[in-house]
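Below is one structure; the comments refer to it alone.
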Amino acid sequence: MRLSTDLVAYVSDLAHLRLNMTDVERIANELGRVLDYVEVLQAVDTSAVDATWQGSRGPGGMRSDEAGPSLDPLVALANAPAAQNGMFRIPRILAEGEDQ
Amino acid sequence: MMAVPDYSAKGLADAVRSGQVSAESAMIGYLERIRATEPEVHALLAQDQDLALSRAQGVDRMPLDQKSHLALAGVPLVVKDNIVTKEFPTTAGSRMLEGFHSPYTATAVERAEAQGAIVLAKSNLDEFGMGSSTEHSAFGPTKNPWDLTRVPGGSSGGSAAAVAVGMAPLALGSDTGGSIRQPAAFCGIVGLKPTYGRVSRYGLIAYASSLDQIGPLARTVEDVGLLLQVISGQDVRDATSGENPVSDYLAELKRPLEGLRVGMPKEYFGQGIDPKVRSVVEKMLTRLATEGVTVIEIEMPHTRYAIATYYLIAPAEASSNLSRYDGIRYGFRAPATDLDSLYRNTRAQGMGEEVQRRILLGTHVLSAGYYDQYYVKAQKVRTLIRRDFDEAFQTVDLVVTPSAPDLPFVLGSRSDDPMQMYLSDICTVTANLAGLPALSVPAGFDDGLPIGMQWIGPAWSEDLLLRAGYMVEQMVERPRWPL
């Protein structure tokens, strides 16, 4: 099964990945091969089986819900590609005049 | 070439504690070993020789009563570069995190350091842990020290190669589908994936959170037990860390396992397994049988669905976990004039092909219309794979399989075929899906290349796995050093 290029474009949009047409073609083939392979699962009768959602094999523990120190804002910003006035800086999201 | 610092971690810590060896002189030996071998092997992404030396001097200066309590006094440790460290950059093998400095250190590293271990380097890996050869690192592949034309396995290939060649006696890796055990096997060393929840994941860069575990790699089973002892135990910063008490893994290590019943699942010894691998593992089982171990052929019928199950669940979790790389808070940012393009360009330019492939696969199987067909189905089959193990452990104590279906393969030979690469995880993914501990220990060599055997046990049975591994270790002749 080869995925349609429309479907790959749709999925890359959901995943926030900009792909060019060559990538879309390649990925349509590659994902198609993986999805062909995983078809084997459809033969397994799971009608009476519960899903396993998590990895734990035993009890974890909940800690008490007490406020503790947080990351200092300057430390948190230290890795930011762009920061200003103690905040992360991003490209403008409102058009001129829209932010009035 | 200069002599390799020939200590076990246990031996070195004992010698440093008693003052027979200074941590500084040992460290100098390891740093020279790195200078001699790293240009050929490329196991490391970051190192800080000055820091390592000053830490070693610090251990030497400690008052005796303080030093004598340190289980890892002065022992050099390599840390996989998807485990965050305050003093080293952490890239996870990705351009996306190039230059990233974590504001905190992972619990497992913190615990090792508190016992006197000294981090001397961060090691190479497949980008974000996604791969089985270390070829998917954005910073170039690591080479297998036993044959530099071959892969060291992955994703913890840098950690495994570093230990195999003697850059450090201990390393930390992470294992989502075999990423500690398969490179340990390919590099002729010992690696353990603990029970899910045994070791805190705090500070491990998330790939697939229900499968990821941090674990130790070392040249001997005893050293693996020593490091496991130090890093195990509940952590308030990881809600999935378990409250089960941590056993003394070294106390009973050398006591022979009398009456051990070992299950040999035929599904792991059939099609797809290299006959050379099969033969080495089977020979070892025959030898164990003469030592009083009972080997029982068992069936684990859902094994054949494991790769399909894993390659639905892991990418699904990855697609969610990796959504955090958006170019806003840390890491790489691509130029863009609007926010939406900033996200899309940053992620497309910052992440490698394999990572993008898994994100897209994961996004697809979680998307409306496909969720039940793929993701929920895989989580149900996961239950059946767990049940196979639960049933096996009704009749046997441990299960034995090869650690990998084949010998270390030639660099570049599988990089164009993702599906072929995925199949190399066939022996290891089941333990992650079932949340169980599993140990890879060298079982022999074929034509100079190491072959590993895997022991899988019930949850929290690390002590038993280590004892079984120790028994195997005593029976294997291996060359001392590859380079």
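We did not get these values from a lab; they are worked out from the coordinates using the rules stated. Just so it is clear, the model here is predicted, and its values are computed rather than measured. Cβ placement follows ideal geometry from the backbone for every residue including glycine, while neighbour counts extend to all protein chains displayed.
In units of 2.2 N^0.38 Å, what is the alpha-carbon radius of gyration of the protein assembly as shown? Intermediate values should be presented prior to the final figure.
Details: Rg = 23.4 Å, N = 583, 2.2 N^0.38 = 24.7 Å.
Ratio of Rg to 2.2 N^0.38 Å for the protein assembly as shown: 0.94.
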- Task: Rounded to the nearest 500, what is the 222 nm mean residue ellipticity of chain B from helices alone, with -39500 (n - 2.57) per DSSP H run of 4+ residues and division by all residues?
- Result: -11500 deg cm²/dmol
- Too long at a 22 Å Cα-Cα cut-off: which of B:Lys10/B:Lys67; B:Lys193/B:Lys276; B:Lys80/B:Lys193? B:Lys193/B:Lys276
- Task: Enumerate by residue number the trypsin sites (Lys or Arg not before Pro) in the stretch B:414-483 meeting two conditions: DSSP loop (anything except H, G, I, E, B), and at most 16 other Cβ atoms within 10 Å of the site's Cβ.
- Result: B:Arg480
- Could you give the longest part of chain A that holds none of the GluC sites (Glu not before Pro) found in DSSP loops with at most 13 neighbouring Cβ atoms within 10 Å? A:1-65
- Item | Cβ charges +1 (Lys, Arg) and -1 (Asp, Glu), total dipole of the protein assembly as shown, debye | 460
- Using a Gaussian network model of chain A whose springs link C-alpha atoms within less than 10 Å, name the residue from A:Met21, A:Met62, A:Met87 with the highest mean-square fluctuation. A:Met87
- Directionally averaged shadow of chain A, computed from the convex hull of its alpha-carbon atoms, nm²: 14.5
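Excluding B:Gln379 itself, calculate the net charge of residues whose Cβ lies under 12 Å from the Cβ of B:Gln379, where each Lys or Arg counts +1 and each Asp or Glu counts -1. Walk me through the numbers on the way to the answer.
Working: positive: B:Lys377, B:Lys380, B:Arg382, B:Arg386; negative: A:Asp50, B:Glu317, B:Asp372.
Around B:Gln379, the surrounding residues sum to +1.
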- Exposed loop GluC sites (Glu not before Pro) only (DSSP loop, at most 16 other Cβ atoms within 10 Å): please give the longest stretch of chain B free of them, not including the sites. B:300-476
- Message: Rounded to whole Å, give me the distance from the Cα center of the stretch B:258-302 to that of the stretch B:376-436.
- Response: 16
- Compactness check, the stretch B:65-110: C-alpha Rg relative to the 2.2 N^0.38 Å globular estimate gives 1.42
- Query: Modelled label-to-label distance, B:Arg387 and B:Ala239, 7 Å Cα→beta-carbon offset: nm?
  - Reply: 2.9
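Return the loop-located chymotrypsin sites (Phe, Trp or Tyr not before Pro) in the stretch A:1-83 (DSSP other than H, G, I, E, B) with at most 16 other Cβ atoms within 10 Å of their own Cβ; answer none if there are none. Kindly include the intermediate steps, with their values, before the conclusion.
Details: sites: A:Tyr10, A:Tyr37, A:Trp53; in loops: A:Trp53.
Within the stretch A:1-83, the qualifying chymotrypsin sites (Phe, Trp or Tyr not before Pro) (loop, at most 16 other Cβ atoms within 10 Å) are A:Trp53.
List the longest stretch of chain A that has no exposed loop site; here a site is one of the trypsin sites (Lys or Arg not before Pro) assigned by DSSP to anything other than H, G, I, E or B, with at most 13 other Cβ within 10 Å. Write out the running numbers ahead of the final one.
On the way: sites that count: A:Arg63, A:Arg89, A:Arg92.
The longest such stretch corresponds to A:1-62.
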- Task: From the P(r) of chain B, can you give the percent of Cα pairs sitting at distances over 34 Å?
- Result: 29
- Task: Only loop residues by DSSP count here, and only those with at most 15 other Cβ atoms within 10 Å; note down the chymotrypsin sites (Phe, Trp or Tyr not before Pro) in the stretch B:45-145 that meet that.
- Result: B:Tyr104
- Query: To one decimal place, what orientation-averaged projected area in nm² is obtained for the convex hull of the Cα set of the stretch B:249-378?
  - Reply: 13.5
- Note, ³J(HN,Hα) from phi for the stretch B:196-201, Karplus 6.51, -1.76, 1.60, rounded to Hz, x at Gly and Pro: 4, x, 6, 10, 4, 8
